[in-house]
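Notes to accompany the following structure.
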Amino acid sequence: MRKIVVVDYPKDWGVTIEDVEVVDVQKYLTDTTYTEIKNARIFNLCRTYRYQSAGYYVSLLAEARGHKPIPSVTTMQDLKTQTIVRAITVEIEDLIKKSLGSLRSQTFTLSIYFGQNVANKYEKLCKQLHDLFQAPLLRAQFVKKDVWVLQSVSSIPINEVPDHHWKYLEDFAKSYFARHRFSGARLNRKVYDLAILVDPDEKEPPSDKKAIQHFMDAAESLGFYAELITKDDYRRLAEFDALFIRETTSVNHHTYKFARKAYADGLVVIDDPVSILRCTNKVYLAELLAKAKVPTPKTIIIHKENRDQVVKELGLPCVLKTPDSSFSQGVVKAKDADSLAEELSNMLADSELIIGQEYIPTDYDWRIGILDKQPLYACKYYMAKGHWQIYNWQGKKRQDTAGAVETVPFEQVPFVVMHTALKAANLIGDGLYGVDVKEINGKAYIIEVNDNPSIDSGYEDQILKKDLYLSILKSIKKRIDNHKNFRADA
């Protein structure tokens, strides 16, 4: 991806940085060479972003051309409205108080050059403001009332940067471009930026550290710049072309917020927000599968009015699931009438609807990994030692927490299992899914469809090895290519 700094006059930008092109505004706006570029990131350093100014049109036309402008037109508009500025920065009020608490003045101006300030003590505050308002040069005005509050944020015209700040600005710019590696050294290659969302503190993430490294290696081999991001990087999503979520998803969670924003910003997203909504709510999934006549264990949607019918419909023992259960959590087996009554009361206190299913014991569940509506891998997930599920979160020893995993060739998967898994996943979309299937007497029953399936080193990759990770990254790259071509043709 080419990176281009656009300025009103070449003299405005005297910094030489490897692989960074400097173009004057008229050339970018009028030269058809720049219209035809498919992959570019535009750093708009024009002196003003005023509506309908040349600087405004740089970002506007960049978006129309499929380029990625910084700042975006949305950011420009946000900076103009102080009500929006204050609403967006509510989340950093405590940081503002902490950063400015020692100042004795009643006003303070913070200059932010590529996310940094000449004083190191304001580093965190600068980073947060830059993440909230992604523009190369920002000026934040603070006033002290009872406490320090942010009064306004605006762009700094590049010709107004003080002479004694230019040395710092140059260093910050070089660090910024090096850190983000917006293109790399190969201008003629199609290079995309990929964000992989992880939670370093998650105890049982969908991919272990070794698998994450395999994803990073696969991305690099395909020409991606891949970066691991966390929930703190929400405002940085506009820097990337695609988001790959590798932490456990939920609707009422930052993972869904990330997926929704990335999707709205035009990024390729796995897991996409629609898949998260459909897969993580078991009530929706039960209704969807029933309507499509996809076989499942006998299932009923339980509410306060029909809780007395559960034994009659499902028998005992039976399985109860909260709507947003995942990785066997929020799933219980009611062994008798007393435990059923207790579990129903607990679950219905939190959710108006829950899922009840007949209990069908098997030694293992099939897990069919599906991507782009095609099978990707097939596993047998054996039940945890002495437990009825593949995960036993009450296991005293780590080795008792999960059962064994056996990855098998597709030709060893019964046709009915593969066919039923594909039918279920294709009802959701064309993303990456893990479909859990029980096979009994030649019949297949869908247990659930997971939008964020486990892919761990030494387990799901037993057959494909590193090609498993490469297949997923190739799909992401193909989706970006298709998206870029669609925008270019539109």
Filtered residues of the range 126-153 (kept if small (Gly, Ala, Ser) and either at pLDDT 95 or above or crowded, with 21+ Cβ neighbours inside 10 Å (or both)): 135, 140
Condition met for residue 463 (part of a loop (DSSP other than H, G, I, E, B) and modelled with pLDDT of 95 or more): yes
When (1) under 28 Å from the mean Cα position of the chain (by Cα); (2) modelled with pLDDT of 95 or more are applied to residue 401, the one that fails is (2)
Taking the range 66-106, which residues are in contact (Cβ under 8 Å) with a residue 60 or more places away in the chain, closer than 30 Å to residue 2 by Cβ and either open to solvent by 70 Å² or more (accessible area, probe 1.4 Å) or charged (D, E, K, R) (or both)? 68
Output the qualifying pairs, or none if there are none: Cβ atoms under 7 angstrom, residues six or more apart or on different chains, first residue in the range 210-234 and on the phi < 0 side of the Ramachandran plot and assigned to a helix (DSSP H, G or I), second residue basic (Lys, Arg) and open to solvent by less than 10 Å² (accessible area, probe 1.4 Å). 212/246
Has the range 131-139 got any residue that is more than 21 Å from residue 13 (Cβ to Cβ) and among the polar types (S, T, N, Q)? no
Suppose we filter the range 401-425 for residues that are in contact with a Phe, Trp or Tyr (Cβ under 9 Å, 6 or more places away or on another chain) and part of a helix (DSSP H, G or I); how many remain? 7
Residue 239 fails exactly one of (1) open to solvent by 10 Å² or more (accessible area, probe 1.4 Å); (2) in contact (Cβ under 8 Å) with a residue 24 or more places away in the chain, namely (1)
Residue pairs qualifying under the 7 Å Cβ cut-off, at least six apart or on distinct chains, with the first in the range 418-429 being farther than 15 Å from residue 288 by Cβ and touching a residue at least 40 places away in the same chain (Cβ under 8 Å) and the second being surrounded by fewer than 17 Cβ atoms within 10 Å (Cβ to Cβ) and of a type in the set (Gly, Ala, Ser), are none
Please pick out the residue among 2, 50 that is in contact with a helix residue (DSSP H, G or I) (Cβ under 7 Å, 6 or more places away or on another chain), open to solvent by 20 Å² or more (accessible area, probe 1.4 Å) and among the charged types (D, E, K, R). 50
Out of the helices (runs of 4 or more DSSP H) lying entirely within the range 48-91, which hold 3 or more residues that are modelled with pLDDT under 80 and on the phi < 0 side of the Ramachandran plot? 82-88
Flagged in the range 114-129 as in contact (Cβ under 8 Å) with a residue 24 or more places away in the chain, in a loop (DSSP other than H, G, I, E, B) and either over 17 Å from residue 154 (Cβ atoms) or charged (D, E, K, R) (or both), in numbering order, are 118
Of the residues 476, 447, 390, 480, which is closer than 20 Å to residue 273 by Cα, modelled with pLDDT under 95, of a type in the set (A, V, I, L, M, F, W, C) and surrounded by 14 or more Cβ atoms within 10 Å (Cβ to Cβ)? 480
Taking the criterion of being over 29 Å from residue 270 (Cα atoms), at pLDDT 90 or above, in contact with a strand residue (DSSP E or B) (Cβ under 9 Å, 6 or more places away or on another chain) and part of a strand (DSSP E or B), would at least one residue in the range 367-385 satisfy it? no
Considering only residues that are of a type in the set (Asp, Glu) and free of Cβ contacts under 8 Å to residues at least 24 places away in the same chain, which ones fall in the range 1-59? 21, 24, 31, 36
Of all residues in the range 1-47 being assigned to a helix (DSSP H, G or I) and among the β-branched types (Val, Ile, Thr), which is nearest to the chain's Cα centre (by Cα)? 35
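The values are calculated or read from the model by the stated rules, or taken from the named source; none is laboratory data. Predicted model only: the values in this text are computed from it and were never measured. Note that we place each Cβ from the backbone using ideal geometry, even for glycine, and neighbour counts take in every protein chain shown. Accessible surface areas use protein heavy atoms only, side chains included; no ligands, DNA or RNA. Shrake-Rupley method; radii C 1.70, N 1.55, O 1.52, S 1.80 Å.
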